[in-house]
Amino acid sequence: MITQALDRPPDELERQTGWAVKPQGACRGAVCVPLARPFDLSDLGRRLGMELVHDERHGLWALGPESGARALHSAELPRIVLPDRNGEDFELRSLRGTKVCMIAWASW
Amino acid sequence: MREELHPAIEVVTVALDTGGAEAAVPWIDRAKTTHPALIDAAHLLDELLGIVNVPTGVWIDEQGMLVRPPEPAFPWRARPLPDELLAQLPAITVEQLREAGRMRIDPEAYVAALRDWVANGSRSRFALPPEQVIARSRPRSREASRAAACFELGQHLHRTGHPGDAVPWFREAHRLAPDNWTYKRQAWTLADPLQGATSEYDSDWLTDVRKIGAENYYPPVDL
């Protein structure tokens, strides 16, 4: 997640990680991890094992995914919305009720 | 494969391409796809699911639960190209194809497993319970988390018109996650479409594949 500010959570935080910042801390499901106040992204990164890197020249920060466990924290498909070849957003959850084989490939 | 199994199953393809539609659409159109063919210019799937190479498959059941984690997914075995066609290709491509021919893949077993799951659903021995799906996904260390952040910065800078500034971040991602071929192949391609040696990177596809041995390029699929 790319951000230019450390004093607020990145917009995609909840969608990409499942962690939402609430008054009681960072919460995912029934689990809440207390956070420093006022909010500080580097504190959140430290507590959740998400590495934070900084590009000084462009004033950008990037927050990596959670470490210390497996890439999947749940077997439930996370919300994935991606554009198709016409630029139209497609939500994978729209295929609920059907078995899906998703294949990642690349032009390279 | 899709024509054979649809509508009992839907195939969704996702192009992991920093180049976005410009890079992926010509391939999608050439394949005349009839399934959802999506484009992931930010490599979101890498991060969400732990994908480190392509092609990688994930199976999702009717309830939206993963029943197989990311794993190498070859629907067929590529046939060797005839000599007259090989003679028209750049030398590096011929060398790459030679190494690719040594890779350990088992499309027959993978497709048979997929057919079994389509026929038997949760009773299929290839449909894994949630705890196994999670346990079989890649472990994520602090280095892997940092590599993901570096790769994302590199991609962002490349896409926003700073390709030179992206290179050090890609290099750092490669150093931190040397077994992540997605990070390497994507960045190499941006410097040289053939993924050959360049001044930007210390490594290239052929060199790195030969270093580990082509037979180890894809991990064996534990069906």
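One table, with the values for the structure above:
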{"item": "Packing-based ranking, highest mean first, of B:34-44, A:3-13, B:74-84, B:105-115 given that Cβ atoms within 10 Å are counted", "result": "B:34-44, B:105-115, A:3-13, B:74-84"}
{"item": "Rounded if a/c under 1.5, otherwise prolate or oblate - the protein assembly as shown, Cα gyration tensor axes", "result": "oblate"}
{"item": "Proximal lysines relative to B:LYS211, as straight alpha-carbon distance under 20 Å, when same-chain residues fewer than 8 apart are discounted", "result": "B:LYS184"}
{"item": "Rg ratio (alpha-carbon, reference 2.2 N^0.38 Å) - chain A", "result": "1.25"}
{"item": "GNM flexibility winner over chain B from B:ARG171, B:ARG123, B:ARG104 (Cα, springs under 10 Å)", "result": "B:ARG123"}
{"item": "Alpha-carbon centroids, segment B:111-133 and segment B:179-223: separation in whole Å", "result": "31"}
{"item": "Value of relative contact order over segment A:2-66, rounded to a whole percent, pairs C-alpha under 8 Å and six or more apart", "result": "32"}
{"item": "Qualifying aspartates and glutamates (Cα of each under 20 Å from Cα of B:LYS32; at least 8 residues distant if same chain)", "result": "A:ASP84, A:GLU88, A:ASP89, B:GLU3, B:GLU4, B:GLU10, B:ASP17, B:GLU22, B:ASP40"}
{"item": "Sequence of B:THR56, B:THR93, B:THR189 once ranked by neighbouring C-beta atoms within 10 Å, starting from the fewest", "result": "B:THR93, B:THR189, B:THR56"}
{"item": "Three-way shape call for segment B:40-177 based on the alpha-carbon gyration tensor, with the a/c threshold at 1.5", "result": "oblate"}
{"item": "Among B:TRP27, B:TRP181, B:TRP117, residue whose mean-square fluctuation peaks in a GNM of chain B (springs only between Cα atoms under 10 Å)", "result": "B:TRP27"}
{"item": "B:ARG210-A:ARG96 pseudo-label distance in nm [points 7 Å out on the Cα-to-Cβ vector]", "result": "5.2"}
{"item": "Segment B:24-105 pair-distance distribution - Cα-Cα, 10 Å bins, rounded %", "result": "13, 32, 39, 13, 3"}
{"item": "Three-way shape label, segment B:142-210, alpha-carbon gyration tensor, a/c 1.5", "result": "oblate"}
{"item": "FRET E, pair B:ARG102, A:ARG8, Förster distance 51 Å, beta-carbon r, rounded to 0.05", "result": "0.55"}
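Throughout, read-outs are computed from the coordinates displayed, never taken from laboratory work. Here the structure is a predicted model, which is why all the values come from computation and not from measurement. Every residue, glycine among them, receives a Cβ derived from its backbone with ideal geometry; neighbour counts consider all protein chains shown.
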